[in-house]
Amino acid sequence: MELIMSHIVLSAQERVHIGKGASRRLRHAQKVPAIVYGAHMTPIAVELEHRHVVNLHRNKEIYSQIITLDVAGTTHQAIIKQLDRHVYKNKVLHIEFQALSGTDKITVDVSLNFLNADRCVGAKKGGELSVYLKSMKIRCLPSQLPAHIDVDLANLDLEQIIHLSDLALPAGVESSDLAYGKDHDLAVVAVHALKDDSQPAKA
């Protein structure tokens, strides 16, 4: 399982003015208002250059990516908890960063990486793959954070379902949903037989 490495570095400046009006002025100046918070620090209101963050959302694994955030010379290891974008413009409006501690577990939404769809037993029999989840919430230490969770489809047969409990998670990583019990064992993907529309309907 591939582990995320801290290769994204962003520079930020502490904000002097706070509030909706100040945030609007920042956006007009091609900057993005943001907040950095964590269990062991006082929240810091910061601003970043829009050109440095405008394409972050194109990385589907950005929410499980550890980022080095340089705030006026002080570095924080952080993850993005929320990134707000304009409804139709390619514009970032606000970012929430969660600063990390090496000893505190974090809850992160990671993408699911589906493998061997071309070898899926059920699909080869004419079944149709139905994907119910494209990501899952996990809890782990920052040092154990995976880039994604693999889902092997090779042995999935007709009318079979892969649930969260069927996934092989890396050491130290647990499903946040399964922590609430078996009722939260969500379906991830299934193969269903296609209906034969050529048969006449029964009277």
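Things to note:
- Packing here is the average count of other Cβ atoms within 10 Å per residue, and on that basis the peptides 91-99, 123-131, 14-22, highest first, run 91-99, 123-131, 14-22.
- Most mobile of Val87, Val189, Val36 in a GNM of the chain (Cα contacts under 10 Å): Val87
- Dipole magnitude of the chain, debye to nearest 20 (Cβ charges: Lys/Arg +1, Asp/Glu -1, about Cα centre): 1080
- The charge dipole of the stretch 8-99, taken about its Cα centre with unit charges on the Cβ atoms of Lys, Arg (+1), Asp and Glu (-1) only, comes to about 520 debye.
- With θ taken as phi - 60° and the Karplus curve 6.51 cos²θ - 1.76 cosθ + 1.60 applied, the whole-hertz 3J(HN,Hα) list for the stretch 124-129 is 5, 8, x, x, 10, 6 Hz, x standing for glycine and proline.
- Remark: the stretch 130-147, residue by residue, has Karplus-estimated 3J(HN,Hα) of 10, 9, 9, 10, 10, 8, 8, 8, 10, 10, 6, 6, x, 5, 9, 5, x, 5 Hz, where x stands for each Gly or Pro and the curve is 6.51 cos²θ - 1.76 cosθ + 1.60 at θ = phi - 60°.
- Summing Lys and Arg as +1 and Asp and Glu as -1 over all other residues whose Cβ lies under 12 Å from the Cβ of His17 gives a net charge of +3.
- Share antiparallel - DSSP beta bridges, the chain, percent rounded to 5: 75
- For the chain, the residue among Val121, Ala179, Tyr132 whose Cα projects farthest onto the positive side of the dipole built from Cβ charges is Tyr132.
- Neighbour-count ranking [beta-carbon atoms within 10 angstrom, fewest first] of Ser135, Ser165, Ser175: Ser165, Ser135, Ser175
- Net length gained if the chain between Asn55 and Lys105 were fully extended (0.36 nm per residue, minus Cα distance): 15.2 nm
- Using θ = phi - 60° in the Karplus curve 6.51 cos²θ - 1.76 cosθ + 1.60, the 3J(HN,Hα) couplings for the stretch 20-32 round to 4, x, 5, 5, 4, 5, 4, 4, 5, 8, 6, 10, 10 Hz; x is entered for Gly and Pro.
- Equivalent ellipsoid of the stretch 8-99: semi-axes from √(5λ) of the C-alpha gyration tensor, largest first, are 19, 17, 11 Å.
- Placed amide H near Arg85: partners under 5 Å, 5+ positions off or other chain: Leu93
- Most mobile of Arg58, Arg119, Arg85 in a GNM of the chain (Cα contacts under 10 Å): Arg58
- Summing Cβ point charges (Lys, Arg +1; Asp, Glu -1) relative to the Cα centre of the stretch 106-192 gives a dipole of roughly 120 debye.
- Percent of beta bridges antiparallel (DSSP, the stretch 106-192, rounded to nearest 5): 80
We did not get these values from a lab; they are worked out from the coordinates using the rules stated. Treat the numbers as computed from the prediction; the structure is a model and nothing was measured. For neighbour counting, all protein chains shown are included, and Cβ atoms are generated from backbone atoms with ideal geometry for every residue, glycine included.
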